[in-house]
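**Q** Pasting a structure below so you can have a look.
The values are calculated or read from the model by the stated rules, or taken from the named source; none is laboratory data. Just so you know, these numbers come straight off a predicted model, no measurement behind them. Cβ: placed from backbone, ideal geometry, glycine included. Neighbour counts: every protein chain shown.
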Amino acid sequence: MLKLPAMGPSQELRRNYSVLSVLGVGFSLLNTWFGISAALVTGINSGGPILIVYGLILIAFISLCVGISLSELVSAYPNAGGQYFWASELASRRYANFASYLTGWFAWAGSIFTCASVAIAVASGGVGCWQLAHPDFVIRPWHVFLAYQAVNIFAFFFNCYGRILPTMGHLTFWISLLSFFIIIVTVPSKAPTRQEAKFVFATFVNNTGWKQNGIAFIVGLINPNWAFNGLDCAVHLSEEIHHPEKMIPLAILGTVAISFITSWTYSIALFFSMKDFDSLVDTATGVPILALFYQTIGNKAGAIALEALIIVTGIGGQIASHTWQSRLCWSFARDGGIPFSSYFCKVDRRLNVPLRAHFMSCIMVAIVGCLYLGSYTAFNR
């Protein structure tokens, strides 16, 4: 593996990020309250309110442990490669190359699938809003597929301009927090009824088909776990910020703290405001959180407006996801981990982005989206 001073100016990115902009990118990618909204159907079928409320506490604690480990490693070895670079440095010499290679492929694949999952959440939200406004419209897989590709293409072009990405990190951070605040104030205040505390903190639902509630709970943890996905995003910006050994750990741990506070309070506010649990599962929009907004507000325009806040937040998360996957692909190519590495490791000096690596990663995200046309279940797995 190459050390930073030996990489050469043609393979370096300018250090344009501040600790707040890195925090913004990291939080935009996690956006745990957005994650809870997007994957709500999984949670309410695999545990109900108990799964979300207590699952978030469990996953947040695990994420804190992971975040501390990442912070310790990045403070010692700040490198855009992150995990695969650390595997090369810390594993025994006999297995270092294999461990690094395997870790790199898993990490890059994880970033691709994360981009796909965020894109499908945003696409589903947009198509769901159209269905709510046009009740006779029947959602088909190709509708969501086209919206998915549109989101992917938009994020690709946005990430082609490196100079605006730090500013975008600031902007999406505050947009996310503002959207969160508007929703948790509007939904409970407009809800015609209130659920009892027993429903929020002591109701378990098992619609998974598993007879054992414990298995259903474990399956349902995908919801809060997905909300904390991509915690290592800030690590892969180590070469674009000054003093990464100090700033990246601050960004990682700050992301965990803010993510837990927003997602936990958001979940409790929504469950107290919930009116008809069953209608959320079977909503024609395919978007349970949109159906919940419609239940509480009572008019379509208001529900769509709140869902639009989630969609805008999700687009910010998709932009952050593309930043993450492009840096991973670029750094992995720079160290010879993928075919045609000498081609994909180049940085566009004018745009200050690894354009070739970014383009290839976006193509991979587009291909993954084709699974949705064949099988919804296969895509979600």
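**Q** Specify which of the listed residues (Thr193, Thr167) is at pLDDT below 90 and outside any helix (DSSP H, G or I).
**A** Going through Thr193, Thr167 in turn, just one is at pLDDT below 90 and outside any helix (DSSP H, G or I): Thr193.
**Q** Here is a list of conditions, (1) over 22 Å from the mean Cα position of the chain (by Cα); (2) assigned to a helix (DSSP H, G or I); (3) of a type in the set (Val, Ile, Thr), and Thr323 meets all of them except one; can you say which number that is?
**A** (1)
**Q** Would you check which residues across the stretch 202-239 are among the aliphatic types (A, V, I, L, M), at pLDDT below 80 and over 29 Å from Leu29 (Cα atoms) and list them?
**A** Passing the criteria: none in range.
**Q** When the residues of the stretch 315-354 are filtered to those that are buried (at least 22 other Cβ atoms within 10 Å of the Cβ) and free of Cβ contacts under 8 Å to residues at least 60 places away in the same chain, which remaining residue is farthest from Ser88 (Cα to Cα)?
**A** By that ranking, first place goes to Phe344.
**Q** Examine the stretch 329-349 for a residue that is within 17 Å of the chain's Cα centre (by Cα) and more than 27 Å from Trp130 (Cα to Cα), and state whether such a residue exists.
**A** no
**Q** Right, something else. What is the residue count in the stretch 183-199 for residues that are surrounded by fewer than 13 Cβ atoms within 10 Å (Cβ to Cβ), among the aliphatic types (A, V, I, L, M) and over 22 Å from Tyr54 (Cβ atoms)?
**A** Residues in the stretch 183-199 being surrounded by fewer than 13 Cβ atoms within 10 Å (Cβ to Cβ), among the aliphatic types (A, V, I, L, M) and over 22 Å from Tyr54 (Cβ atoms): 1 in total.
**Q** Within the stretch 344-357, does at least one residue satisfy the condition of being touching a helix residue (DSSP H, G or I) at 6+ places or on another chain (Cβ under 8 Å), of a type in the set (Lys, Arg) and at pLDDT below 90?
**A** Scanning the stretch 344-357 turns up at least one residue that is touching a helix residue (DSSP H, G or I) at 6+ places or on another chain (Cβ under 8 Å), of a type in the set (Lys, Arg) and at pLDDT below 90.
**Q** Further question on the same structure: Take the residues of the stretch 206-237 that are among the hydrophobic types (A, V, I, L, M, F, W, C), more than 16 Å from Pro249 (Cα to Cα) and not in a loop (DSSP other than H, G, I, E, B): which is farthest from the chain's Cα centre (by Cα)?
**A** The extreme case among them is Ile215.
**Q** Now a separate question. Do the conditions hold for Thr255, that is, is it crowded, with 21+ Cβ neighbours inside 10 Å and part of a helix (DSSP H, G or I)?
**A** For Thr255, the condition - crowded, with 21+ Cβ neighbours inside 10 Å and part of a helix (DSSP H, G or I) - is met.
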